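The block underneath contains the structure these notes are about, expressed in structure tokens.
Taken together, the values in this text are just the output of simple stated rules run on the coordinates, not laboratory data. These numbers were taken from a predicted model, which means no experiment stands behind them. Using ideal geometry, Cβ is built from the backbone for each residue, glycine included, and neighbour counts are taken over all protein chains shown.
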Amino acid sequence: MNEKLIKRIHYISLVAIILLIIPSGLNPFYFSIFFLVLGVNMINGGLRVYEQSKKKHIVPIICGVVAIGFGIYRLAF
């Protein structure tokens with residue numbers, strides 16, 4: 001992927017995570033959105049490591065998918 005695009009996604013998701021920390025303690029909807037954004041951030045970081053590493057680390061990608069799944073589950077139920 002394009003390195004500038006990866007950095008933009010990373011920093012935008014970090015800002016969103018920081019902005020969602022306080023409201024997520026007050027409202028369960030924001031808590032679910034927090035996990036969705038956290039999962040996107042983890043997958044983005046995992047893809048960067050996956051592309052640059054000779055040993056293919058898939059743990060961040062799996063953790064990101066689990067976080068997104070948890071966020072979707074919390075939104076649905």
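Observations on the structure shown:
- Residue check for V40: surrounded by fewer than 19 Cβ atoms within 10 Å (Cβ to Cβ) and either assigned to a helix (DSSP H, G or I) or in contact (Cβ under 8 Å) with a residue 60 or more places away in the chain (or both): no
- The range 43-77 - residue that is under 8 Å from the mean Cα position of the chain (by Cα) and more than 11 Å from S13 (Cβ to Cβ) and, of those, surrounded by the most Cβ atoms within 10 Å (Cβ to Cβ): A67
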